[in-house]
Structures are given as C-alpha cells and as structure tokens.
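Only one structure is covered here, and it is reproduced in the block below.
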Amino acid sequence: MNSKVFDYAKERYDWEHSRKNELNNIISIPLGLLSLIFGCIAYFFSNLPENNSLPLFILFWACLIISCFGFGFCIFLFYSHQTGYTYIYTANPKDFYDFEQTYIKNFNDANVPVNQDLINEKVDEILYTQYIESTNKNINNNEQKIKYYRFLIITIMVTIVFLLGSFICKMFLPNKLTEPLSVKTINPIEIKADEELSIKVSKPLKIETDKAIIINELKENENEQSTE
C-alpha cells in the first residue's frame, strides 16, 4: 500500500473531526446574538409606540414583523446546524485486535509460521477503507454545517438591521400611555414613622401615581372647557 496515500487519508480523517469540533464551538457567538435579538423583540412588544404618524407606524411594524420572521428562521438554521448529522469513526481497537488474533489462529491451525507482515497489511487495508469512507461522509457533514452557519450569520445580520429600523422609527413615535394606577383601601389604616409619630387614617385612602394625577387633571380641564 502507498504509505503517502494512507498517511493523507489518516490526516484528512483527523482534520475533519477536528473541524467538526470547531464548527460546534463557534456556534456560541450566534447563540449570544440570538439571545440579544430575542430581548430586543420582547422589549419592542412590551413598549409599543402610539400611532401619531401612519407612515412611521407602518414602517415600525413592518420592520418588527420581518425581524420576528428572521428570528424564527435563525432558530431553524441553528437547529439544522446542530442536529441531524452522523459522523463515522474507525472501528474499535478491540475489533482490530480480534481480527489479528483470528489470523494468528488460522496460521497456527495450519501449522505455518505467523506472517505478521501479511496481518499488518490486511489491517492497513481495513483502516484505509474506513478512513476513506468515514472521511467522505464527514466532509459532507462539515460542508453542510458550514452552509447553515453562513446562512445563520447572514440572517442574523439582516434581522439586526430591521431591528435597528424598528428602533429608529420608535424614536420618532411617542410611547403608548399606560392606564392610570390607583390603589384604594377599604378599611382605615395606621401609618407609623417611629414610636412617637403615628398617623391614623379613618377614611378610605386613595393612592395614585403622578401620571394618573396628571391624566385626571387634564380630563378635568377638558371637562371645564367643554362646559364653558
């Protein structure tokens, strides 16, 4: 057997398995970017703007929806990069040991000297065949992983661009006002600042946020102007 061909097949076999490990490790970068994209999408949906400019509002939602589809496609590419691959390895060393012992037994049963060179040549042929078959399969797997990884990076960058578009639109749109918050107590309460100071409230207490007070004042002013 040509030793150079055998050595090359073994080196390529080892390199493909090493490349597989590198491809599995570099996925941590896109995973971090996907977490950031998910956080941005969640932020936009929890802080929706008011529609005071129809073109900007439509552009905001268009960019946000495209970002959601992009995020979903990224999840698909991430899943495709990580699963569905069967890497082939060479046989267990015990199998080669058993193969060698079988040949030795055959020589002994035939009452002929053991030809170790012949046994080694047979083992080399088996190893060479396994190197070739497994390397071809592993090359296809790694190339497929690289393709999905490339598409994943491109999709992440496009999704980030559309998220940036949503952010820019949101900058020029006012935030949606939340409902006024008010808390009412049914029973009288007692507030103690220290042992000497005690405040008792015999009537039900109503607590409102500053925003609720401002909104109520605006409504009262509108009512007064309408009555006038």
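The values are calculated or read from the model by the stated rules, or taken from the named source; none is laboratory data. These figures come from a predicted structure and were not determined experimentally. Heads up, the Cβs are rebuilt from the backbone with ideal geometry, glycines too, and the neighbour counts pull from every protein chain shown. In case anyone asks, the SASA skips ligands and DNA or RNA and just uses the protein heavy atoms, side chains included. Shrake-Rupley method; radii C 1.70, N 1.55, O 1.52, S 1.80 Å.
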Inset, instruction - Calculate what fraction, in whole %, of the accessible area of region 69-160 sits on carbon and sulfur atoms when a 1.4 Å probe is rolled over the protein chains. - result: 59 percent
Legend entry - region 85-142 - charge dipole about Cα centre, Lys and Arg +1 at Cβ, Asp and Glu -1, debye rounded to 20: 200 debye
Legend entry - Virtual paramagnetic centre 7 Å along Cα→Cβ of residue 106, amide N under 20 Å, in region 125-158: 125-130
Legend entry - Across 10/122; 10/145; 4/137; 10/147; 4/94, pairs whose alpha-carbon gap is larger than 18 Å: 10/145; 4/137; 10/147; 4/94
Legend entry - By average C-beta atoms within 10 angstrom, highest first, the peptides 28-34, 76-82, 113-119: 76-82, 28-34, 113-119
Legend entry - Inter-site label distance for residue 20 and residue 167 at 7 Å from Cα along Cβ, in nm: 3.9 nm
Legend entry - C-alpha center-to-center spacing [region 115-147, region 19-42] in angstrom: 33 Å
Inset, instruction - Determine, at each q value in 0.12, 0.15, 0.16, 0.24 (inverse angstroms), the log₁₀ of I(q)/I(0) that the Debye formula gives when each Cα of region 68-157 is one equal point scatterer. - result: -0.58, -0.70, -0.74, -1.09
Inset, instruction - Obtain the nm distance between the two label points defined at residue 150 and residue 129 by a simple spin-label model: each point lies 7 Å from its Cα along the Cα-to-C-beta direction. - result: 3.5 nm
